[in-house]
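The structure appears below as structure tokens.
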Amino acid sequence: MTEKIEEYKERLALIQHNGNLSIEAETFLEEMMADLVELNRSNKALRRAIMKTGQASTMSTRLRDALYE
């Protein structure tokens, strides 16, 4: 996903360089880009949290199985 974000940033910079957009449109696209970057960061953090939760439950299951033996 970071490659896609970098591509979007490059395309936005090219559009801004050409000057084809109004100031409002440029501002709107910059805000959208910032939101996209933040959502991507949040998504990664949530994925890590889910993975940790999954690992923790696996460990408790292993411990429970060991105690029953």
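The values are calculated or read from the model by the stated rules, or taken from the named source; none is laboratory data. Keep in mind the model is a prediction, meaning the values are calculated, not measured. With ideal geometry, Cβ positions are generated from the backbone for all residues, glycine too; neighbour counts draw on all protein chains shown. Note: accessible area is taken over every heavy atom of the protein model, side chains too, but ligands, DNA and RNA are not part of it. Shrake-Rupley method; radii C 1.70, N 1.55, O 1.52, S 1.80 Å.
If the condition is being more than 28 Å from residue 47 (Cα to Cα) and of a type in the set (Val, Ile, Thr), then the stretch 1-17 contributes only 15.
No other residue among 30, 69 is acidic (Asp, Glu) and touching a residue at least 12 places away in the same chain (Cβ under 8 Å) apart from 30. On the stretch given as the stretch 19-69, residues that are open to solvent by less than 70 Å² (accessible area, probe 1.4 Å), aliphatic (A, V, I, L, M) and part of a helix (DSSP H, G or I) total 10.
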